[in-house]
């Protein structure tokens with residue numbers, strides 16, 4: 001199975017409601033789609049969201065990295081030369097982790113098709129189904145409480161609440177949500193780097209003292225501030241998950257060695273794809289550090305790839321793969337089945353993606 005071409009396109013998928021965090025507001029998913037074609041007729045699919053405020057990867061940067069560097073590295077080569085392909089995709093251009101992730105997952109897709117095995121089984125095959133949380137965007141307390149009720153009525157029992165935009169109102173927001181949801185509902189919060197270390201400790205401990213029962217906090221401080229992250233982890237009543245601090249297996253390893261966080265988040269767009277995501281999971285297994293697997297605002301192609309990794313590894317105990325259910329439509333044919341909180345991986349070879357509905361992709 002020899003790679004003959006790399007095609008790029010754009011998809012646009014409206015969200016059910018605007019997505020608001022401490023960093024941005026988004027109304028639709030606007031992602032780059034990668035198709036890797038082969039001489040056997042098999043096609044591998046990948047996807048990358050331009051999330052410049054987090055990854056630094058804009059639409060133009062993703063397209064340029066793939067066309068000018070990555071495609072030239074892989075076209076003409078055999079899919080069975082898999083390890084070398086994986087290494088060369090990571091080495092052929094600096095940074096550009098989203099572009100690398102999109103090509104990486106398309107290559108995994110082809111490798112699975114070549115050997116007629118689902119990717120999750122190639123990686124470990126721990127389970128077929130997983131349960132995701134759902135995100136509650138930053139808004140006024142009453143609106144967030146109504147959004148939480150809506151999620152509970154849809155069957156969700158774990159809410160990921162965006163905070164960190166106005167630190168003094170965050171306790172009010174969480175209190176409003178906790179008052180309207182069942183007591184057993186898990187509430188995890190994502191500060192999106194919104195607090196200083198001392199501020200984070202004060203707010204988090206205040207939340208627990210008020211009985212808000214927070215499961216864990218995601219990235220309370222700036223991503224580069226490993227020492228600040230460690231400061232919070234050592235002093236907070238709430239467990240800490242590192243997210244924007246983890247852009248590579250090396251970052252994850254350093255955090256584990258420093259004990260700077262209680263858990264780490266694997267996001268394919270930050271670490272460069274499944275190849276590096278597996279490395280982070282392996283390091284976590286050695287250090288006994290649980291992982292969450294998360295996503296940006298992405299449509300189903302790339303989140304589907306994350307589902308395969310989540311279903312492969314027991315060390316991934318927290319699931320934050322709600323991107324497709326936040327969308328108002330799904331133009332992707334095949335792949336995992338997203339039934340609100342319940343996600344079932346496909347047993348089709350590779351990643352199981354069959355294509356994109358007619359008229360839903362604009363080729364570049």
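The values are calculated or read from the model by the stated rules, or taken from the named source; none is laboratory data. What you see is a predicted model, and the numbers here were worked out from it, not measured in a lab. Please note: Cβ atoms are built from the backbone with ideal geometry, for glycine as well, and neighbour counts cover all protein chains shown.
When segment 174-193 is limited to residues that are touching a strand residue (DSSP E or B) at 6+ places or on another chain (Cβ under 9 Å) and either in a loop (DSSP other than H, G, I, E, B) or not assigned by TED's automatic domain parsing to the domain that holds residue 245 (or both), the one that is farthest from residue 55 (Cα to Cα) turns out to be 181.
Among the residues of segment 112-151, those identified as outside any loop (DSSP other than H, G, I, E, B) and over 22 Å from the mean Cα position of the chain (by Cα) are 113, 114, 115, 141, 142, 143, 144, 145, 146, 149, 150.
The condition of being touching a strand residue (DSSP E or B) at 6+ places or on another chain (Cβ under 7 Å), outside the structural domain of residue 326 (by TED's automatic domain parsing), surrounded by fewer than 14 Cβ atoms within 10 Å (Cβ to Cβ) and farther than 13 Å from residue 3 by Cα holds for only one of 18, 49, that being 18. When segment 150-180 is filtered for residues that are farther than 15 Å from residue 340 by Cβ and surrounded by fewer than 20 Cβ atoms within 10 Å (Cβ to Cβ), the ones remaining, listed by number, are 165, 166, 167, 168, 169, 171, 172, 175, 176, 179, 180. Selection of strands (runs of 3 or more DSSP E) fully inside segment 260-348 by the criterion of at least 3 residues being under 17 Å from the mean Cα position of the chain (by Cα) and buried (at least 21 other Cβ atoms within 10 Å of the Cβ) returns 263-267, 291-294, 316-320. Looking at this structure, is residue 160 more than 30 Å from residue 83 (Cβ to Cβ), assigned to a strand (DSSP E or B) and touching a residue at least 24 places away in the same chain (Cβ under 8 Å)? Yes: the conditions hold for residue 160. Against the test of being farther than 25 Å from residue 115 by Cα and assigned to a strand (DSSP E or B), the options 5, 57, 31 yield a single qualifying residue, 31.
Pairing each residue of segment 350-361 that is surrounded by fewer than 18 Cβ atoms within 10 Å (Cβ to Cβ) with any residue that is part of a strand (DSSP E or B), provided the two are 6+ apart or on different chains, yields C-beta distances under 6 Å for 354/333; 354/334; 355/333. Residue count for segment 152-171 satisfying the condition of being over 19 Å from the mean Cα position of the chain (by Cα) and more than 19 Å from residue 193 (Cα to Cα): 5. Residue count for segment 232-247, restricted to those that are under 28 Å from residue 304 (Cβ atoms) and either in contact (Cβ under 8 Å) with a residue 60 or more places away in the chain or not in a strand (DSSP E or B) (or both): 6. Here the condition is being farther than 25 Å from residue 247 by Cα, touching a strand residue (DSSP E or B) at 6+ places or on another chain (Cβ under 6 Å) and touching a residue at least 12 places away in the same chain (Cβ under 8 Å); of 10, 1, it holds for 1 alone. For residue 250, the conditions (1) part of a loop (DSSP other than H, G, I, E, B); (2) surrounded by fewer than 17 Cβ atoms within 10 Å (Cβ to Cβ) all hold with the exception of (1). For segment 199-212, filtering for residues that are assigned to a loop (DSSP other than H, G, I, E, B) and closer than 11 Å to residue 239 by Cα leaves 0.
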